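**Student:** Here it is, the structure, as structure tokens.
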Protein chains: 2
Amino acid sequence: MYELLNQKIREKISLTDDEFQICKQAFVPKTLHKHQYLLQQDDVARYLAFVNEGALRMFASGEKNGEIVIQFAFPGWWITDNFSFLTGEPTVYNIQALENTSVLLIGKQAWEDLFDKVPKLERYFRILLQNNYIATQRRLVSSLCQTAEEKYLSLIKAQPDIIQRVPQHMIASYLGITPETLSRIRKQASYTR
Amino acid sequence: MYELLNQKIREKISLTDDEFQICKQAFVPKTLHKHQYLLQQDDVARYLAFVNEGALRMFASGEKNGEIVIQFAFPGWWITDNFSFLTGEPTVYNIQALENTSVLLIGKQAWEDLFDKVPKLERYFRILLQNNYIATQRRLVSSLCQTAEEKYLSLIKAQPDIIQRVPQHMIASYLGITPETLSRIRKQASYTR
DNA sequence: CGCGGGTTTGATGATGCTCAAGCCCGGTGG
DNA sequence: CCACCGGGCTTGAGCATCATCAAACCCGCG
């Protein structure tokens, strides 16, 4: 249950077994069945979630553009709406399970208390955020200066398995293109292969 | 010289005067004249920079698309290529002064040593990265689902002063549109005002 | 077997890019 | 002091990419 968490943290910082025990206690396991929501628009993001098994998506259900997928989360990844989690303001996003999913949740208070008990974790989360920041900045650059096809090719290069795991129209939304365009790109790409 | 830094850090965390003294010593002041580079493509980002006065831009000089502006930095902001700074890999970006500019630099080693001397700073940078991450994610969403005009209007709403400070073609690049398009949008917008 | 969501395919159109020319304005040198 | 130069902004015309709308198709599931 806590194995993956243990492993992921220890990839970035060293931790004694005692420290990890304290850490564990701050989390509450939860399972979500396919399509179930972890967070809904207008609610407050009370938890930061660590994904054990399954897959989730965070999306904004925009007025005109239907839904747009902000990010996915797979085992070993963290997910929440940071803004809402940090400020306590209601969120504009939704987080939903794409499959039956198991997560570990930590509330804001428990999270902050944890930093006092195990200060090293402050570093772990700094590193995590740094990586997320870098990744998001890259995605931004890609969305600013690549064509639809280039974006798609970059994605399958970076995460080849994502195609099997999530429906195509969500990939399209994640890339900021329509499902029709993605379909045509894939057709096109399959010839040149 | 170190006033703004002091102020900015204390907005997020509390620090004794001693701690701030230690902190100060880790930084080296530097001035850049207009157009001078703080970082150039293929070099390693050895420093994290805190902007005292002036303005900078980080940009990628892409093959076909000319230059695209990734971000600006104004007084009180931090700037570097995080990826290169963290990994020691050569950067693909450039950082250049838009005006005569004064910055405080900290090298990677000094930065990490500083966390051992003043562990609270770990928290400061975590918070900083969290905010950057949130901001970048928003920009990404905006670039994915807003029209050129909406993006421009969001920008002047969020940072009304930016127009005076940086040339229009850089704003265009930052928004991921051409200078011509931005010009037309501005003309258009000035009628409806 | 038939329904329904997701994907594909086609036809049409809009947004924003490209290319090209003109304009404005500040700086420089005659 | 003024003419000239050049960079950046503007304006226009044509065009490419991708979105929209609509219909057909595919396939798993009740």
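**Student:** Tell me, which residue of segment B:146-193 that is touching a strand residue (DSSP E or B) at 6+ places or on another chain (Cβ under 7 Å) and under 18 Å from A:Ser143 (Cβ atoms) is nearest to DNA strand C (Cβ to nearest atom)?
**Tutor:** Among those residues, the one meeting the criterion is B:Ser173.
**Student:** Counting just the residues of segment B:101-149 that are within 16 Å of A:Val92 (Cβ to Cβ) and of a type in the set (D, E, K, R), which one comes out surrounded by the fewest Cβ atoms within 10 Å (Cβ to Cβ)?
**Tutor:** B:Arg138
**Student:** Looking at segment A:84-91, can you tell me whether even one residue there is closer than 26 Å to A:Glu3 by Cβ, surrounded by 21 or more Cβ atoms within 10 Å (Cβ to Cβ) and of a type in the set (Val, Ile, Thr)?
**Tutor:** Scanning segment A:84-91, I find no residue that is closer than 26 Å to A:Glu3 by Cβ, surrounded by 21 or more Cβ atoms within 10 Å (Cβ to Cβ) and of a type in the set (Val, Ile, Thr), so the answer is no.
**Student:** Say whether the condition of being outside the structural domain of A:Lys30 (by TED's automatic domain parsing) and among the charged types (D, E, K, R) is met by at least one residue in segment A:159-179.
**Tutor:** Of segment A:159-179, the ones outside the structural domain of A:Lys30 (by TED's automatic domain parsing) are A:159-179.
If we keep only those that are among the charged types (D, E, K, R) too, we end up with A:161, A:165.
Yes.
**Student:** How do the pairs read when you match residues in segment A:175-186 that are under 17 Å from B:Leu144 (Cβ atoms) with residues anywhere that are among the β-branched types (Val, Ile, Thr) and at pLDDT 95 or above, using Cβ under 7 Å and keeping only pairs 6 or more apart or on different chains?
**Tutor:** Every condition considered, the pairs that remain are A:Leu182/A:Ile171.
**Student:** For segment A:86-98, indicate whether the set of residues that are part of a helix (DSSP H, G or I) and within 16 Å of DNA strand C (Cβ to nearest atom) is non-empty.
**Tutor:** So far as segment A:86-98 goes, no, none of its residues is part of a helix (DSSP H, G or I) and within 16 Å of DNA strand C (Cβ to nearest atom).
**Student:** Okay, next question. Among the residues of segment B:105-128, are any more than 23 Å from B:Tyr37 (Cα to Cα), more than 9 Å from chain A (Cβ to nearest Cβ) and within 16 Å of DNA strand D (Cβ to nearest atom)?
**Tutor:** no
The values are calculated or read from the model by the stated rules, or taken from the named source; none is laboratory data. These figures come from a predicted structure and were not determined experimentally. In this analysis, Cβ positions are derived from the backbone assuming ideal geometry, glycine residues included, and neighbour counts consider all displayed protein chains.
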